[in-house]
Amino acid sequence: MWTPVGRGRWHGRALTVWAAAAAHRGLLEPRPTPTREAAAKSRTLDRLYSSADRKEKIDLSRFSVENIRNFSIIAHVDHGKSTLADRLLELTGTIDKTKNNKQVLDKLQVERERGITVKAQTASLFYNCEGKQYLLNLIDTPGHVDFSYEVSRSLSACQGVLLVVDANEGIQAQTVANFFLAFEAQLSIIPVINKVDLKNADPERVEKQIEKVFDIPSDECIKISAKLGTNVERVLQAVIERIPPPKVHRKNPFKALVFDSTFDQYRGVIANVALFDGVVSKGDKIVSAHTKKTYEVNEVGVLNPNEQPAHKLYAGQVGYLIAGMKDVTEAQIGDTLYLHKQPVEPLPGFKSAKPMVFAGMYPIDQSEYNNLKSAVEKLTINDSSVTVHRDSSLALGAGWRLGFLGLLHMEVFNQRLEQEYNASVILTTPTVPYKAVLSSAKLIKEYREKEITIINPAQFPDKSKVTEYLEPVVLGTIITPDEYTGKVMMLCQARRAVQKNMMYIDQNRVMLKYLFPLNEIVVDFYDSLKSLSSGYASFDYEDAGYQTAELVKMDILLNGNPVEELVTIVHKDKAHSVGKAICERLKDSLPRQLFEIAIQAAVGSKIIARETVKAYRKNVLAKCYGGDITRKMKLLKRQAEGKKKLRKIGNIEVPKDAFIKVLKTQCDK
Amino acid sequence: ASPSPVAAVLEAVDRAAPLPADSEVTLEANPTSAPGSRLAAFGAAGVNRLSIGLQSLDDTELQLLGRTHSARDALQTLAEARRLFPGRVSVDLMLGLPAQQVGPWLGQLRTLLGCCDDHISLYQLSLERGTALFTHVQRGTLPAPDPELAAAMYQEGRAMLWEAGFRQYEVSNFARNGALSTHNWTYWQCGQYLGVGPGAHGRFAPQGAGSHTREARIQTLEPDNWMKEVMRFGHGTRRRVPLGRLELLEEVLAMGLRTDVGITHQHWQQFEPELSLWDVFGASQEVKVLLVQGLLLL
């Protein structure tokens with residue numbers, strides 16, 4: 001739907017890896033101190049899967065299950081997960097302790113710029129405690145609602161989490177969301193209060209919040225400063241003490257969960273797996289429970305954090321597996337792998353990625369189409385959760401309609417497109433997948449089902465052929481300081497949200513739960529929330545299915561002629577404001593013509609908004625001697641060429657630029 | 001410039017092809033502080049019409065435009081020119097300058113009407129890249145000219161000139177007592193003309209060389225190079241492009257539409273004997289729309 005929107009600003013929100021949270025990697029051969037070279041190399045920014053520092057294969061069989069701990073770090077954005085991960089890596093000697101270790105595991109340019117982790121990486125840590133060698137497998141996972149599915153999959157391979165909370169900010173929306181994910185997965189939760197070194201830190205207050213909201217006794221909280229390294233050792237001990245080893249059976253047939261998959265152009269798809277049962281090694285024939293295809297294993301190994309090939313991987317361990325798969329869709333997150341001829345009960349919870357937000361993506365000029373096409377292909381090779389459909393717009397030419405898991409997913413994708421592939425695109429305003437329940441027998445036959453999903457506004461079936469329209473809704477959680485509660489509630493009401501719950505998490509902060517239509521969120525809701533709460537409110541949401549909605553199709557008319565490119569689907573209540581906004585944008589971007597232009601937004605035959613563009617008085621008053629004639633003819637020729645490219649609506653010439661200005665997402669400052 | 005080259009040119013032209021006695025010989029002149037004797041000398045050399053680049057009667061505006069004369073100089077030159085070439089003097093006036101308002105500009109026109117001859121050209125300022133004015137406007141040290149105000153000036157200027165008995169025979173040109181500019185009229189009627197000098201353009205069919213196809217010719221732009229080429233090759237023509245039939249007709253159309261009489265059927269027939277205006281334009285959808293809107297007559 002072409003609603004003019006501001007881009008929802010998820011900046012600074014941690015992004016769960018959308019390709020999958022890391023699995024716990026396999027274990028290294030027990031050695032007193034891991035090699036310095038491995039540490040040094042992990043500081044270089046090559047891709048995790050380079051084989052730059054291959055050693056001989058390691059033997060993991062010696063390592064007993066009791067001494068393995070698989071855990072993850074979860075938190076609200078910027079509360080310090082990645083810094084804590086850095087410290088843990090240093091403490092265990094996995095990487096050298098120098099000043100340069102800053103978010104070592106964030107390798108993508110976009111990650112480092114936005115301060116978020118996009119593609120989570122795993123690291124296996126060695127730790128000596130009371131004379132015993134432990135292998136701790138850590139995942140640096142930022143949590144973002146867009147990717148909660150991936151987070152939940154990777155959590156299912158952990159037995160515990162470190163729940164990090166900023167001592168100053170306290171519990172935020174994502175802290176809550178992530179807690180519930182871990183809780184539902186029945187993991188041990190170790191609360192860690194970070195940034196105690198800061199002036200405004202108030203650990204006691206945060207302890208009380210944790211007790212109240214999560215029902216975890218305050219004496220379980222470990223207070224640290226990840227930045228300074230204070231008390232971080234205590235965290236490692238807690239991991240060993242409080243997180244149980246995995247409950248697995250080496251003797252059972254092989255069963256593994258796929259967490260993540262990456263495409264390497266030389267080696268094919270590298271799947272990150274966690275073994276629940278059995279053993280796997282090179283030469284084994286394995287089957288994907290989802291696709292039922294069989295593969296032969298070429299290589300297995302662990303991540304430290306770079307690849308370390310191994311002879312075998314054993315139950316309870318986490319690592320990578322290469323088996324001749326050519327496409328990441330062959331190794332989907334949540335899939336189960338088993339040995340050929342020894343099928344197992346697939347691990348629960350597998351589902352295909354469901355897009356929440358769609359955007360049209362077009363090259364700035366059609367000549368760039370092929371470039372953009374290959375850039376999109378390359379980016380989606382490693383992100384199987386982006387859905388891609390070819391699409392074409394009258395105004396913008398041939399392009400795609402891409403489906404993302406959320407706004408941040410979309411923004412980061414776009415940023416990576418620009419930074420890594422140098423592609424500049426026109427991104428049209430995000431739309432959501434509406435549904436319609438058809439009543440017309442003819443249409444039902446045509447679409448072959450009664451309930452259809454409408455992605456492109458042009459497909460919107462008429463009211464007479466429809467029993468009801470449906471729009472996707474989400475359950476949103478907002479945590480805000482008390483003084484902004486009123487404003488926040490007003491904002492939610494303005495976005496057609498219905499309050500579901502309201503609770504005080506401590507004296508000063510309120511948690512509100514609202515049911516929102518998704519399309520009200522994709523339109524700069526987050527920005528508005530942040531700005532009316534001076535940045536203090538936090539927001540998170542989860543899919544909550546569909547609800548009936550009074551949707552209408554809104555046309556834009558220029559001097560009475562409809563502009564197909566600008567058709568929008570909008571809720572009846574919002575038709576006026578959306579229509580007005582589009583008319584205003586058009587008024588500013590339409591070049592004046594020799595006559596007046598009436599811009600109207602209409603629903604059915606009713607005009608709901610209108611703007612006018614005044615007629616233009618053109619200048620021909622220039623000298624016209626010989627040289628000028630030549631110049632003038634050239635100019636006229638160029639104008640005529642230009643006019644050919646103009647879309648003519650009635651007798652109004654509309655340059656592509658005008659469409660772009662109306663259709664694209666409005667840039668933030 | 002001095003009168004003797006002008007005289008030499010005229011003599012050379014007359015030698016090559018006899019110049020009718022009533023030919024228009026126009027000199028473009030910038031007003032100077034001491035017009036008198038120089039103008040007379042040009043007259044003696046054969047000039048019989050003068051086009052004065054007055055541009056403005058406001059000294060501040062003249063400075064803005066980078067002119068070296070003052071309003072007083074301009075009016076003096078005008079008066080002297082009228083004395084020497086009565087009924088044969090044209091003045092240029094610009095409109096749409098940065099920060100210019102309608103009222104004051106009309107005042108300039110009024111003053112001018114009080115002392116001008118029978119021909120006035122009105123030009124809207126066009127900012128050319130590379131000029132100081134362009135840079136000023138770009139930087140913001142000068143406001144961009146307001147097209148609405150310029151349009152108002154033009155409309156009201158036209159009315160004023162009409163009141164004063166001038167015929168607007170072309171978009172920018174006004175004449176009374178039949179004092180049209182003959183050479184300019186040639187352009188708008190798509191007549192043939194030779195351009196001689198650095199950067200000069202020409203439109204003619206080189207019949208002497210046996211061709212009947214009109215050519216568009218351009219002479220070398222830089223004066224030094226032009227002179228060298230003339231001395232070496234006997235001419236300074238840099239480029240000759242035959243004008244296709246369609247291109248010629250396009251020029252006929254573009255130029256003709258600038259005049260008040262437009263393109264008559266007879267005029268059109270001279271260039272396109274086989275297809276009438278109705279044949280060519282009658283079926284066009286755009287033309288029909290323009291006709292309905294009263295913006296075109298066919």
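The values are calculated or read from the model by the stated rules, or taken from the named source; none is laboratory data. A quick note: this is a predicted structure, and the numbers were derived from the prediction, not measured. With ideal geometry, Cβ positions are generated from the backbone for all residues, glycine too; neighbour counts draw on all protein chains shown.
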Open item on the list: Restricting to segment A:280-321, and then to whatever is assigned to a loop (DSSP other than H, G, I, E, B) and among the charged types (D, E, K, R), can you tell me which residue is surrounded by the fewest Cβ atoms within 10 Å (Cβ to Cβ)?
Closed with: A:Lys292
Task: Among the candidates B:Val287, B:Val292, B:Val280, B:Val261, residue that is of a type in the set (Val, Ile, Thr) and either under 24 Å from the mean Cα position of the chain (by Cα) or closer than 24 Å to A:Asp628 by Cα (or both) - done: B:Val261
- [ ] Working only within segment B:245-262, note down all residues that are within 12 Å of chain A (Cβ to nearest Cβ) and outside any helix (DSSP H, G or I).
- [x] B:Leu257, B:Arg258, B:Thr259
- [ ] All but one of (1) in contact with a strand residue (DSSP E or B) (Cβ under 6 Å, 6 or more places away or on another chain); (2) assigned by the TED database to the domain that holds B:Val89 hold for B:Leu194, so report the exception by its number.
- [x] (2)
- [ ] For segment B:263-298, enumerate the residues that are away from chain A (no Cβ under 14 Å) and either basic (Lys, Arg) or part of a loop (DSSP other than H, G, I, E, B) (or both).
- [x] B:Ile263, B:Thr264, B:Glu272, B:Pro273, B:Glu274, B:Leu275, B:Ser276, B:Gly282, B:Ala283, B:Leu297, B:Leu298
TODO: Can you give me the number of residues within segment A:515-531 that are in contact (Cβ under 8 Å) with a residue 60 or more places away in the chain, of a type in the set (A, V, I, L, M, F, W, C) and closer than 15 Å to A:Met490 by Cα?
DONE: 2
Task: Close pairs (7 angstrom Cβ cut-off, 6 or more residues apart or separate chains): under 10 Å from A:Leu558 (Cβ atoms) in segment A:631-653, part of a helix (DSSP H, G or I) and among the β-branched types (Val, Ile, Thr) anywhere - done: A:Asn651/B:Val289
Task: Matching residues, segment B:114-148, being under 30 Å from B:Arg82 (Cα atoms), assigned to a loop (DSSP other than H, G, I, E, B) and within 14 Å of another protein chain (Cβ to nearest Cβ) - done: B:Leu125, B:Ser126
Open item on the list: Quick check on segment B:55-75: of everything there that is part of a helix (DSSP H, G or I) and in contact with a strand residue (DSSP E or B) (Cβ under 9 Å, 6 or more places away or on another chain), which residue is farthest from B:Met94 (Cα to Cα)?
Closed with: B:Leu75
Task: Matching strands (runs of 3 or more DSSP E) fully within segment A:385-438 where at least 2 residues are at pLDDT below 80 - done: A:387-393
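Residue-wise test of (1) in contact with a Leu (Cβ under 8 Å, 6 or more places away or on another chain); (2) not acidic (Asp, Glu).
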site	(1), (2)
A:Met410	yes, yes
A:Asn414	yes, yes
A:Glu420	yes, no
A:Ser439	no, yes
A:Ile444	yes, yes
A:Arg448	no, yes
A:Glu471	yes, no
A:Val474	yes, yes
A:Pro481	no, yes
Open item on the list: Quick check on segment B:162-174: of everything there that is more than 9 Å from every other protein chain (Cβ to nearest Cβ) and part of a loop (DSSP other than H, G, I, E, B), which residue is nearest to B:Leu109 (Cα to Cα)?
Closed with: B:Ala164
TODO: Please work out which residue is nearest to the chain's Cα centre (by Cα), limiting yourself to segment A:172-211 and to residues that are within 14 Å of A:Asp78 (Cβ to Cβ) and assigned to a loop (DSSP other than H, G, I, E, B).
DONE: A:Gln172
Open item on the list: Quick check on segment B:87-98. Is at least one of its residues out of contact with any strand residue (DSSP E or B) (no Cβ under 6 Å at 6 or more places or on another chain), surrounded by 15 or more Cβ atoms within 10 Å (Cβ to Cβ), aliphatic (A, V, I, L, M) and part of a helix (DSSP H, G or I)?
Closed with: no
- [ ] Go through segment A:439-463 and give me each residue that's closer than 22 Å to A:Leu566 by Cα and either assigned to a helix (DSSP H, G or I) or not assigned by the TED database to the domain that holds A:Leu518 (or both).
- [x] A:Pro457, A:Ala458, A:Gln459, A:Lys463
Open item on the list: Report every pair of residues separated by at least 6 positions or lying on different chains whose Cβ atoms are under 7 Å apart, first residue within segment B:214-238 and within 13 Å of chain A (Cβ to nearest Cβ), second surrounded by fewer than 13 Cβ atoms within 10 Å (Cβ to Cβ) and of a type in the set (A, V, I, L, M).
Closed with: B:Glu215/B:Val241; B:Ala216/B:Val241
- [ ] Please work out which residue is surrounded by the most Cβ atoms within 10 Å (Cβ to Cβ), limiting yourself to segment B:175-203 and to residues that are touching a helix residue (DSSP H, G or I) at 6+ places or on another chain (Cβ under 6 Å) and more than 8 Å from chain A (Cβ to nearest Cβ).
- [x] B:Cys190
TODO: Kindly list the number of the only condition in (1) crowded, with 19+ Cβ neighbours inside 10 Å; (2) within 14 Å of another protein chain (Cβ to nearest Cβ) that fails for B:Thr77.
DONE: (2)
- [ ] Considering each residue of segment A:316-342, count those that are in contact with a His (Cβ under 6 Å, 6 or more places away or on another chain) and within 23 Å of A:Pro244 (Cα to Cα), and give that number.
- [x] 1
- [ ] Only residues in segment A:482-504 that are closer than 22 Å to A:Ala544 by Cβ count as the first member; pair them with residues that are surrounded by fewer than 13 Cβ atoms within 10 Å (Cβ to Cβ), Cβ under 8 angstrom, at least 6 apart or cross-chain, and list the lot.
- [x] A:Met489/A:Gln499; A:Cys492/A:Gln499; A:Arg496/A:Asp573
Task: Pairs, first within 16 Å of A:Arg153 (Cβ to Cβ) in segment A:321-340, second of a type in the set (Ser, Thr, Tyr), C-beta under 7 Å, six or more apart - done: A:Val328/A:Ser261; A:Val328/A:Ser384; A:Thr329/A:Ser384; A:Ala331/A:Ser261; A:Gln332/A:Ser384; A:Asp335/A:Ser288; A:Leu337/A:Ser288
Task: Selection count, segment A:481-498, where residues are within 26 Å of the chain's Cα centre (by Cα) and assigned to a strand (DSSP E or B) - done: 1
Task: Filtered residues of segment A:428-451 (kept if buried (at least 21 other Cβ atoms within 10 Å of the Cβ) and touching a Ser or Thr at 6+ places or on another chain (Cβ under 6 Å)) - done: A:Thr429
Task: Enumeration of residues in segment A:439-487 that are among the aromatic types (Phe, Trp, Tyr) and at pLDDT below 90 - done: A:Tyr447, A:Phe460
- [ ] Looking for whichever is within 13 Å of chain A (Cβ to nearest Cβ), without any contact (Cβ under 8 Å) to a residue 40 or more places away in the chain and at negative phi here; the options are B:Ala151, B:Ala159. Which one fits?
- [x] B:Ala151
Task: Residue check, A:Lys580 of a type outside the set (Val, Ile, Thr), under 29 Å from the mean Cα position of the chain (by Cα) and not in a strand (DSSP E or B) - done: no
